[in-house]
1. Sort through Tyr129, Tyr185 and tell me the only one that's of a type in the set (Ser, Thr, Tyr), in contact with a Phe, Trp or Tyr (Cβ under 8 Å, 6 or more places away or on another chain), open to solvent by less than 10 Å² (accessible area, probe 1.4 Å) and modelled with pLDDT of 95 or more.
2. How do the strands (runs of 3 or more DSSP E) wholly within the range 64-160 filter down when requiring 1 or more residues that are touching a residue at least 40 places away in the same chain (Cβ under 8 Å): which remain?
3. Does the range 54-62 include one or more residues that are open to solvent by 40 Å² or more (accessible area, probe 1.4 Å), modelled with pLDDT of 95 or more and either part of a helix (DSSP H, G or I) or not charged (D, E, K, R) (or both)?
4. Might you let me know whether the range 98-106 holds any residue that is closer than 20 Å to Arg55 by Cα and open to solvent by 30 Å² or more (accessible area, probe 1.4 Å)?
5. Going by the structure shown, is Met121 closer than 19 Å to Ala189 by Cα, at pLDDT 95 or above and in contact with a Leu (Cβ under 6 Å, 6 or more places away or on another chain)?
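The values are calculated or read from the model by the stated rules, or taken from the named source; none is laboratory data. Since this is a predicted model, take the numbers as computed values, not measurements. In this analysis, Cβ positions are derived from the backbone assuming ideal geometry, glycine residues included, and neighbour counts consider all displayed protein chains. Areas reflect the complete protein model, heavy atoms only, side chains present, ligands, DNA and RNA absent. Shrake-Rupley method; radii C 1.70, N 1.55, O 1.52, S 1.80 Å.
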Amino acid sequence: MTDFYESNARAYFERTNRIDPSPILEPLLPYLQPGGAILDIGCGSGRDLKWFKARGFDPTGLERSPSLAVLASDHSACPVTMIDLFDYNPPMHYDCILLIGTLVHLPKPEFPRAMSKAKRMLKAGGIMYVSMKAWGGSEEAGDGRVFQLWSDSELRREFDRAGLRVLEHTRSRSLLGNRDVWLGYILRAEG
C-alpha cells in the first residue's frame, strides 16, 4: 500500500494529524515507565509520536512512504526511518511498540510474521499496542485499498501464538468520524 500513501501523503497527513489520539494512547500510560523508548511502526502523520514526545517519552517512527516519513518527522520533531517493518533491524529493544492500524492491509497469512518481528524488537516484558479493523474477511475501499477485517477471537488466537498476553481490549468507532469499528489491544510480551 506504499503507492497509495505515497501518492496521497499530504491529504492523508492533513486528515490524520489533527485528531487527538488521547482516547487510544492514554490507556497505555500506566504500563509505561517515564521516558521509555517507543517505536511507532507505520507512524503515518507522526501524530502519535508528537503526543508521546510531549509527555516525556523517547519516540521513534518507521514509515514506508518517503513523503509521509518526512511529514511525520517534521510534524513530531522525532526521528522517523523510511523502511518496511520486515526490513528494519533495530539498534535497540523498545519498551513499547505501536501498530496502530499499521497492519490493516497485510494479508492475514503474513500477520504471524509481523507479530513475531515486532515482538523481537521489544524488551523483555515490553508492551505492544495493536489496532485492527473489526468484523471478518476483507473489504476494498473505493480508492483500491484492501483492508483485512478481524474478529476478536481471530486476533486473540494470533496474539496467543505469538506469546503476547492481552492486558486490555477496546472496541471503538474510528476517530476519523466514519463508520469503521476498531479493535484495540494492549499486549505484554511473554517469554
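1. Values: Tyr129 fails: open to solvent by less than 10 Å² (accessible area, probe 1.4 Å).
Just a single option satisfies the conditions, and that option is Tyr185.
2. Values: elements: 80-82, 94-100, 122-133, 137-140, 146-149.
The strands (runs of 3 or more DSSP E) meeting that bar are 94-100, 122-133, 146-149.
3. First, the residues of the range 54-62 that are open to solvent by 40 Å² or more (accessible area, probe 1.4 Å): 54-56, 58.
From the residues that got through so far, the ones that are modelled with pLDDT of 95 or more too are 54-56, 58.
Retained after the next criterion (residues that are either part of a helix (DSSP H, G or I) or not charged (D, E, K, R) (or both)): 54, 56.
Yes, there is a match, as at least one residue in the range 54-62 is open to solvent by 40 Å² or more (accessible area, probe 1.4 Å), modelled with pLDDT of 95 or more and either part of a helix (DSSP H, G or I) or not charged (D, E, K, R) (or both).
4. If we filter the range 98-106 for residues that are closer than 20 Å to Arg55 by Cα, which is where we start, we get 98-100.
Adding the requirement that they be open to solvent by 30 Å² or more (accessible area, probe 1.4 Å) leaves 100.
Yes.
5. Numbers: closer than 19 Å to Ala189 by Cα: yes; at pLDDT 95 or above: yes; in contact with a Leu (Cβ under 6 Å, 6 or more places away or on another chain): no.
No, not satisfied.
Per-residue answers, yes or no, for (1) under 22 Å from Leu183 (Cα atoms); (2) surrounded by fewer than 16 Cβ atoms within 10 Å (Cβ to Cβ):
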position	(1), (2)
Ser7	no, yes
Tyr12	yes, no
Thr16	yes, no
Pro23	yes, yes
Glu26	yes, yes
Leu29	yes, yes
Gln33	no, yes
Ile38	yes, no
